[in-house]
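What follows is a single structure, written as structure tokens, with notes after it.
What follows draws every value from the coordinates through simple rules; no lab data is involved. What you see is a predicted model, and the numbers here were worked out from it, not measured in a lab. Neighbour counts are summed over all protein chains in view; Cβ atoms, including those assigned to glycine, are modelled from backbone coordinates with ideal geometry.
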Amino acid sequence: RKPPAKRIAMNNGTTSAGESTCEDDEAKPTKSGVPCSHHNFLNSRQTPAICVCQGGLNGCNIVRGIPGLFPSIKKLCGPNRSLDSTLEMPPLCCPDPFFINLSWNKDQPKKSSIKLRIRANQCSEGTLFNMGIIHYCWGSVDSAVKFFELSMSLAPPLAHQGSIPLNPVILACLNNLGQILALRGRVQEARCLIADALTRGSAWLAQFYHQSGRVNELPTAMKSAKERGLLRYLAGTLMNMGEIHFCICDFAGAMTSCRDAHKLLHPDIEALDGASLFYNIGLVSQHQRNLPEALENYNQFLVIAQGIVGSNHPQIATALHNIGMIHYECGRLQDALRPLVRSLSIRIRRFTENHPFVAESLQLVGKVLHAREQLGDALRLFRRTLSIHQTITEAKNEQGDPNLDLALVRMDIGRILHVQGLFQESLDSYQQVLDMSRKVFGMKHPYVPRLLNIVGNLYLELGRVEDAMSSFTEAMRTQQSNEMVLDINVVEYPLYRVKLELPVHAASA
């Protein structure tokens with residue numbers, strides 16, 4: 001990557017990784033047509049978190065947008081999976097570069113700025129942290145992790161209680177490393193890092209109040225710039241801990257962390273922090289089945305976020321998708337269709353047509369159309385979704401591995417074909433789902449006998465009684481051997497159930 005056209009300005013002994021003297025404020029396109037991430041990053045004067053690049057050097061796409069949003073649980077990476085691959089990575093929770101004051105002394109008046117400045121003796125840690133930010137923006141996540149770890153290694157170790165050094169760099173490193181580890185599925189390691197950050201941040205804030213003589217005072221709206229910066233760092237750490245709770249499905253813990261973060265930031269909360277809080281509270285409420293509160297918070301997020309990232313941003317599409325899902329689950333099909341179609345339109349414009357997010361939107365719109373009995377349109381969308389997942393699977397060379405996304409889409413296709421009276425095509429679809437389920441869950445999962453029950457009923461409707469009885473018998477034996485509740489539903493053929501459960505009396509029945 002080429003550096004900016006001019007060197008970074010040096011004003012009053014202060015150098016900033018967030019300010020540039022480039023004459024042109026627009027991002028300089030490279031030969032590939034992608035804006036130069038150096039220029040984008042250095043010109044992000046107000047909100048550096050918004051101005052990161054897409055299409056990283058190592059193929060990892062960094063989503064440009066609001067930092068701190070909880071990820072979808074089903075999109076989390078598996079344990080120890082490398083993030084330098086074709087994934088969409090969220091912005092870092094601590095995305096702002098540090099401003100290094102080279103001429104700081106204790107008598108010098110501090111500038112009014114929410115961004116925390118660091119002293120010259122912390123220059124090395126700050127520079128390494130800023131390099132980590134740049135590498136993350138380039139899509140080289142593993143390199144970013146190494147820079148964050150190097151920065152932490154230069155910081156003083158955690159001392160005895162009461163003498164924790166005030167170092168914003170190490171807080172930012174702990175938070176960013178914890179976020180990346182959580183996305184990799186290494187939740188326990190991430191929890192340790194975030195807990196360390198909370199310990200340091202709380203002690204740091206307590207020392208600040210003690211030095212300012214405000215130990216027994218409640219926080220007020222009239223906060224100093226340094227206090228606001230401290231509270232934002234601590235609130236961001238609490239949000240990170242909330243993400244850890246969310247990743248392990250501890251939704252009560254995640255909600256508590258979000259509420260605590262809101263208390264620290266209230267009442268002078270900034271737009272970026274407010275947007276992430278509203279989204280996260282909405283997402284956690286949705287998983288807690290508190291759907292009215294989830295809708296309220298998603299709508300508040302949309303109002304704020306559209307003023308920050310615009311109305312055609314992938315994060316806006318995700319919020320709209322979640323709103324549509326809530327309306328669909330509540331049976332409000334017309335209300336569900338509007339946000340889902342808009343979300344699909346945004347995702348098609350922002351991503352390729354064979355992107356997993358596009359498939360996700362197509363599938364949910366298909367479910368709504370199915371519920372509205374528009375079977376032809378729903379089947380067309382499901383088949384398009386199936387084609388996308390097959391393309392993705394082939395591109396990853398995973399032909400032999402079971403794919404749950406493919407199984408779920410085939411289930412939807414099988415339902416519609418069954419309603420349309422195409423029993424053989426429906427049977428073929430369900431049989432493929434059954435084969436995948438056996439590979440994924442094994443025979444002890446209750447999902448497998450349910451599928452066997454469906455397959456058995458389809459055999460009956462095709463007149464293949466022996467095959468039907470074989471499926472029913474296998475389902476019943478699976479339930480009995482694994483001490484499940486015996487639940488075999490033989491549609492429209494009750495006498496066959498008598499033969500299964502009471503074979504001695506089957507003849508007289």
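Counting 0.36 nm for each residue step from Asn489 to Arg380 and taking away their Cα separation leaves a gain of 36.3 nm. Hey, with R₀ at 35 Å, roughly what FRET efficiency would Ile248 and Glu466 work out to, going by the Cβ-Cβ distance, to 0.05? After rounding to 0.05, the efficiency reads 0.15.
Amide H to amide H distances under 5 Å link Met89 with Asn61, Ile62, Val63, where only residues 5 or more positions off or on other chains count and H is placed in the peptide plane. Extension gain, Arg259 to Asp428: 0.36 nm times the residue separation minus the Cα-Cα distance gives 55.9 nm. Size estimate for segment 390-484 follows the Kirkwood approach: the inverse of mean 1/r over distinct Cα pairs works out to 13.9 Å. Report note on the peptides 382-389, 344-351: ranked by the mean count of other C-beta atoms within 10 Å, highest first, their order is 382-389, 344-351.
Around the amide H of Phe99, modelled in the peptide plane, lie the amide H atoms of Ile118, all under 5 Å away and 5 or more residues distant in sequence or on another chain.
Here the extension length gained between Arg477 and Gln420 equals 17.4 nm, from 0.36 nm per residue of separation less the Cα-Cα distance.
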